[in-house]
Amino acid sequence: MTDYSAELGLFIDGAWASGEGRDASAVIDPSTGDTIAEVTHATPADLDVALAAADAAFKPWAATSPDERAVILHKAAALLRDRTDAIARTLTQEQGKPIAEAKGEVAGAAQMLDWYAEEAKRLYGRVLVRPTGQRSLVIRQPVGVAALFTPWNFPLYLLAKKVAPALASGCVAIAKPPEETPGCTAALARALADAGLPHGVFQIVHGVPDTVSRHLIASPVVRKVSFTGSVPVGKHLMKLAADGVKRVTMELGGHAPVLIFDDCDLEKTLDMVVPQKFRNAGQVCVSPTRFYVQAGIYDAFLKGFADRTASVKIGNGLQADTKMGPLANTRRPDAIGALVDDARAKGARVLAGGERGDAGFFFQPTLLADVPDHADIMSNEPFGPVAVTRSFETFDDAIEQANRLPFGLAAFAFTENGRRANLLGDALESGMVGINTFAISSADAPFGGVKESGFGSEGGSEGMDAYLNTKAIHQA
Ligand code: NAD
């Protein structure tokens with residue numbers, strides 16, 4: 001059984017708050033639609049207590065050495081690994097993804113903590129030596145209290161991706177993770193607390209997202225806002241942060257193009273593309289979505305894609321043979337169904353799937369061909385198990401199609417031509433480009449978008465920069 005023995009929702013100043021006297025919302029198993037728990041919502045007074053605790057915790061935490069911070073982060077990573085089976089089970093039950101993917105997510109979160117534990121030791125500055133004898137020092141200092149807003153598609157991993165660099169840099173954090181998946185995000189708070197993290201350094205609050213984010217961002221205590229989620233919500237939070245001129249990192253939506261050139265290894269490409277499309281039921285901000293296929297191999301690509309899609313086993317993520325689980329919440333099947341219906345009405349051919357399931361929040365793995373540019377799905381991120389395809393003739397045609405949207409998070413291309421691969425890397429307007437690979441997210445590499453997909457990077461040394469101020473000290 002999933003461990004719901006502890007309180008879910010509020011971890012404030014080192015303690016779990018009880019649900020008594022507070023609002024709550026249902027936590028739903030998306031494979032059945034059944035309520036499995038309740039998540040406690042913070043009152044305004046709770047949020048004020050969390051802000052005060054974070055404020056008090058900041059200076060002592062910032063004054064710890066990177067080595068001390070690293071010991072705690074490494075210990076929390078080890079605890080996550082020890083607890084993998086229970087955490088992964090909770091994650092699958094709350095979010096729906098297959099258990100193997102959930103275990104991979106726990107491993108990814110632990111790796112994030114380990115990597116930033118070591119990166120904390122490389123917080124170097126610079127010395128500028130002047131002919132006059134003056135020395136100028138460039139140092140970096142933690143920004144302060146960070147408010148972190150994270151989504152439900154990778155609830156544990158994306159939270160760790162913000163928390164690890166924040167804590168490693170000497171910041172303290174108040175997180176509002178998604179209300180859909182409070183059990184697996186609570187597991188991160190437990191691991192950090194059990195590893196010896198002082199009270200108030202990492203706290204979790206839940207509630208109505210807009211109420212919580214307005215309250216936290218309006219507080220002068222918060223100096224940094226980091227959000228992963230949709231473009232409209234990101235724009236809204238940036239406006240709130242602008243009032244206090246607070247630093248922001250925005251990891252927003254994408255609509256990743258995939259350019260398939262006729263010199264690629266087609267069978268190998270299809271073997272990579274199809275599982276990747278349906279990973280986490282397509283609820284991935286860098287999910288391959290718009291497939292532009294060179295005309296000579298278009299029909300063969302569609303046939304190979306449809307054949308492989310037919311064998312994707314859908315079901316409850318706790319069953320070992322499930323390859324794709326349900327969507328994460330009740331809003332998603334309807335939103336995706338509306339996009340598919342619109343494309344169909346505008347002339348797209350449905351070569352696989354296209355319908356939602358009977359129970360739970362399932363949607364079939366879906367392949368659409370010849371989707372016209374004016375179909376909504378060509379501009380609106382489906383964020384689900386839907387691949388849309390069109391053919392192209394020339395390199396320039398493909399680049400124009402790939403870059404036509406206001407988003408620029410990830411782009412992919414498949415070609416065996418090295419010179420073309422170089423040109424693609426330069427020409428695609430996106431924060432990450434994968435050529436003959438989908439492996440574009442790791443602890444040591446920057447991850448972030450351009451255009452309306454956001455700005456600021458997570459991962460790599462750039463991920464630490466997001467939580468550090470630069471100061472120049474000039475000494476004569
Ligand atoms: P949504 O825009 O309502 O919410 C997206 C996320 O933002 C959720 O986690 C939600 O809890 C949070 N959120 C919403 N309003 C907020 C507010 N005022 N303050 C703070 N947090 C807030 O959409 P949804 O129906 O939950 O998800 C659908 C869309 O969200 C998708 O189409 C996709 O574009 C986007 N999304 C993107 C990512 C990503 O990794 N970039 C992850 C999840 C969802």
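Read-outs: derived from the displayed coordinates by stated rules, not from any lab. Nothing here was measured: the structure is a model prediction, and the numbers come from that model. Backbone-built Cβ (ideal geometry, glycine too); neighbour counts: all protein chains shown.
Scan around G125 for amide H atoms under 5 Å from its own, H built in the peptide plane at 1.01 Å from N, and keep only partners 5 or more places away or cross-chain.
none
Considering every pair of different Cα atoms, what Kirkwood radius, in Å, is found for the chain?
Kirkwood hydrodynamic radius for the chain: 23.2 Å.
Contact order normalised by length for the chain, with contacts defined as Cα pairs under 8 Å and 6 or more residues apart; what percent is it?
Computed value for the chain: 18 percent relative contact order.
How high is the FRET efficiency from A345 to A86, r the C-beta distance, R0 35 Å, rounded to 0.05?
0.15
Can you list residues whose amide H is under 5 Å from I36's amide H, if they're 5+ apart or on another chain and H is modeled 1.01 Å from N?
Those qualifying (amide H under 5 Å, at least 5 residues apart or on another chain) are V27, I28, D29.
List the extent of the Cα atoms of region 257-446 along each of their three principal axes, largest first, rounded to whole Å.
49, 41, 31
For region 403-476, what does the equivalent ellipsoid look like in terms of its semi-axes, each the square root of 5 times an eigenvalue of the Cα gyration tensor, given largest first in whole Å?
Ellipsoid half-lengths, sorted descending, are 30, 14, 13 Å.
Provide, in order from the shortest bin, the percent of all Cα-Cα pairs of region 187-336 in each 10 Å bin, continuing until the bin that contains the maximum pair distance.
9, 25, 26, 22, 14, 4, 0
Which ³J(HN,Hα) values, rounded to whole Hz and listed in residue order, are derived for region 83-91 from phi using the Karplus coefficients 6.51, -1.76 and 1.60 in 6.51 cos²θ - 1.76 cosθ + 1.60 with θ = phi - 60°, glycine and proline given as x?
9, 3, 4, 5, 5, 5, 5, 4, 4
Calculated FRET efficiency, K235 and A320, Cβ-Cβ r, R0 35 Å, to nearest 0.05?
0.25
Which far-off residues, 5 or more places away or on another chain, put their amide H under 5 Å from the one on F392, with H placed in the peptide plane?
For F392, whose amide H was placed from the backbone, the distant partners under 5 Å are V293, Q294, A295.
What are the ³J(HN,Hα) couplings of region 154-161, residue after residue, when phi is run through the Karplus curve with 6.51, -1.76, 1.60 and θ = phi - 60°? Round to Hz, x for glycine and proline.
10, x, 7, 5, 6, 5, 4, 5
Please give, to one decimal in nm, the separation of the simple spin-label points placed at K303 and A359, each 7 Å out from Cα toward the Cβ.
Here the modelled spin labels are 3.8 nm apart.
Given a Förster distance of 30 Å, report the FRET efficiency between D444 and K268 from their Cβ-Cβ distance, rounded to the nearest 0.05.
Plugging the Cβ-Cβ distance into 1/(1 + (r/R0)^6) gives 0.70.
What relative contact order, as a whole-number percentage, does region 257-446 give when Cα pairs under 8 Å and 6 or more residues apart are counted?
26
In whole Hz, with x marking every Gly and Pro, tabulate ³J(HN,Hα) for region 422-437 from phi via Karplus 6.51 cos²θ - 1.76 cosθ + 1.60, θ = phi - 60°.
4, 5, 5, x, 6, 7, 6, 8, 7, x, 10, 10, x, 10, 6, 7
Pairs of Cα atoms under 8 Å, at least six residues apart: use those to get the relative contact order of region 1-116, whole percent.
The value is 25 percent.
Considering the alpha-carbon set of region 1-115 alone, what are its Rg and its Dmax in angstrom?
My reading of the Cα-based Rg and Dmax gives 16.8, 48 Å.
Order 14-21, 259-266, 222-229, 407-414 from most to least packed using the mean count of other Cβ atoms within 10 Å.
Going from most to least packed, we get 407-414, 222-229, 259-266, 14-21.
Label A310 and D397 with points 7 Å out from Cα along Cα→Cβ: what is the distance between them in nm?
Here the answer is 2.9 nm between the modelled labels.
Rg and Dmax of region 332-403, Cα atoms, in Å?
12.9, 45
List nothing, just return the count: lysine pairs in region 257-446, 8 or more apart or interchain, with Cα separation under 16 Å.
Number of lysine pairs found: 6.
Let's see if you can work this out: charge +1 on each Lys and Arg Cβ, -1 on each Asp and Glu Cβ, no other charges. What is the dipole magnitude of region 257-446 about its Cα centre, in debye to the nearest 20?
Roughly 560 debye for region 257-446.
In nm, what is the difference between 0.36 nm times the number of residues separating Q475 and N417 and their Cα-Cα distance?
Full-extension gain reported as 15.4 nm.
Restricting things to alpha carbons, tell me how big region 113-166 is in terms of Rg and Dmax, in Å.
17.1, 56
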